[in-house]
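Inspection log for the structure reproduced underneath, given as structure tokens.
The values are calculated or read from the model by the stated rules, or taken from the named source; none is laboratory data. Worth saying up front: this structure is predicted, and the values here are computed from it rather than measured. We place every Cβ from the backbone using ideal geometry, glycine too, and count neighbours over all the protein chains shown. These area figures cover heavy atoms from the full protein model, side chains too; ligands, DNA and RNA do not enter into them. Shrake-Rupley method; radii C 1.70, N 1.55, O 1.52, S 1.80 Å.
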Amino acid sequence: MHEKPLTVASYAAGASLAAITLVYVFGPTFFLDDEASSSRKKGVVGLSNTANDCFINSVLQALAGLPDLRIYLIRELHRRELDGPELYHVDPEKLTLERRATKPWKLEGLQKGLVTHALKEVLDSLNERPIYKKTISPQPFIRALEHAFGTRISRQQQDAQEFLQIVTERLCDEYHAGTKARRQAQRIDLPIDGDIASERQEIADQFDMAPLEASNLPKDDAAAEPDTDSDDSSAIEEGFPFEGKIESQIECLTCGFKPKPSSSAFVTLTLSVPQTSSTSLNKCLDGVFKVEHIDDFKCEYCRLDHAIKSKTKELGRASTPEIQRALQSDIDKLQEALKSDPEKPPEGVELPDSSLAPKRRIARHMYISSFPKVLALHLSRSVFAIGTVSSKNLAKVNFPESLPLGGILNHKNYHLLGMVSHKGTHNSGHYESFRRQVQPVPYSTPHSFGTEGVYSMHGTPNPSAAQSPRLSAVNLPNGTGRGSPLPATPILNSPSTRSFSSQSRSSNISPSIAPTSTPRESYSPNASSSPTSATTTTTRPKSLKSIKGSIREKAHDANPLKKRSKRANNRWWRISDEKVKESKTSEVLGMQKEVYLLFYELDRRSEG
């Protein structure tokens, strides 16, 4: 008689202990990362400031909130790991024979990606989700940067934009140096191990890009000079996300001739802030990309046309046949140059003195020909005057959360993800960083149980051997045992196992639906003709409007992004070295007098 109460008490004690264990294990993660819980104060990792390092800390925190940069770092370092260190090794003797100006230690640092490794480590640490306050030091990254350049970074008051420019240019140089090293290795047909080749193919499939193989290169490219500046891999792999290209096009307003546009690469764009009380970011962009008119310009087409007219006059005054034939030959060559390429004067033809060439008015237009994934904008607030001390421009700059760029045919839309502000004077002050909290998987943990939340949208990689209770038979996997299609974001594939449920072998289930813990509505493709219906009812055909409404509701419920709270996209981190607190979009957009650096990420939806 006494054993039953004892058994009940033991069961209750065991259940309580299990509940306490679950709360202890999963509680911190749930209350920290779940969007539904806002009672617990959240935070991110801060950076210590021991020697006026706020200009470094603010830039690193802003970079830590850029998913495209982190994807690039993962992909680039994984590629280098698969290639092996031998591929990026520099032979000093071979470098001396090639008579390169780059020092061996510097070239090897570029090819091995010293700053790329260091930046990935610090950004991974900054993207941890600590339960309690945590602060790390930026010194390991600073030492790696000093080692890469062979110099010391001053700890006096420095400019955050200069630091950002140094870091991004170095990362871009390391990417191109690594690409050139891989291209040279493929041209000399270095042997590649079978396991390494299979791993390369796996990574290429995971990141949706074609693998580089030596056999795929054209024979002409394989026999070309190894030091050519052309990048064969740029067409089949994604490059450095900060890198873009600007083209400058001029047009003669007299003859309408347009020479070939000059192109230049950039990693950050510097915009001058006008000396007014208030302005906007679009006006600052217009200062760079607006049409500019220039006088007294010597057009190449007009110069050749002037030479033809001069030669024609000389031909009319020529007295001997020899001179007439020479002048006629020069005129024919000049006319051929006007048709083919006016920028290349014909050889052997003496043109009139350049001072006699006509001066024209031209229009110059600059535009972005290659849009970067991450657009870094620097608002230059320095005011310099002769004979006076430089000062800071305190104009208010209104900047949007969504930034449209480009024209009708190449329209792009950028979304604000980070901002660096500066408070103080031109020669002193303090930098702060703002990071948007919402980040796509797998670079944040918005839910508690895995990357897809409590109700996973994808099949469980290792289902239980025992059958789980289900609401309807359609939730069972089919006989193939395959899960749902791969998501848009890169997730590691796991082989799914066959379900042990005997009902999965039923042949009357036609749709292949993956097992999931999300409650689904019962669905049967043969529901209208099933003989097992308990009652028979007559229904009218649904109207087109009702069908569209039901489809729209189902699509809205199936999209996990729509289920997120609108407030989640409104949350930011305001980080001042080791001090971290939450902020809102309205506060970020209100920093119009302090805004200094802006980080926009390309919206993929605008490319569709």
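Results, tabulated for the structure shown:
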{"item": "Rounded accessible area per residue of the range 350-413, 1.4 Å, Å²", "result": "55 Å²"}
{"item": "Pairs beyond 30 Å (Cα-Cα), from Lys103/Lys344; Lys245/Lys333; Lys120/Lys412", "result": "Lys103/Lys344; Lys245/Lys333"}
{"item": "Burial order of peptide ranges 407-414, 56-63 (average beta-carbon count within 10 Å, highest first)", "result": "56-63, 407-414"}
{"item": "Taking N as its residue count, the alpha carbon Rg of the range 273-354 over 2.2 N^0.38 Å", "result": "1.85"}
{"item": "Order by protection proxy (mean Cβ within 10 Å, highest first), peptides 296-306, 121-131", "result": "296-306, 121-131"}
{"item": "Residue-by-residue Karplus 3J(HN,Hα) for the range 573-583, coefficients 6.51, -1.76, 1.60, Hz, glycine and proline x", "result": "9, 10, 10, 10, 6, 8, 8, 10, 8, 7, 9"}
{"item": "Per-peptide average of other Cβ atoms within 10 Å, ordering 139-149, 71-81 highest first", "result": "71-81, 139-149"}
{"item": "P(r), alpha carbons of the range 275-416 - 5 Å bins starting at zero, rounded %", "result": "2, 7, 12, 12, 10, 9, 8, 8, 8, 8, 6, 5, 3, 2, 1"}
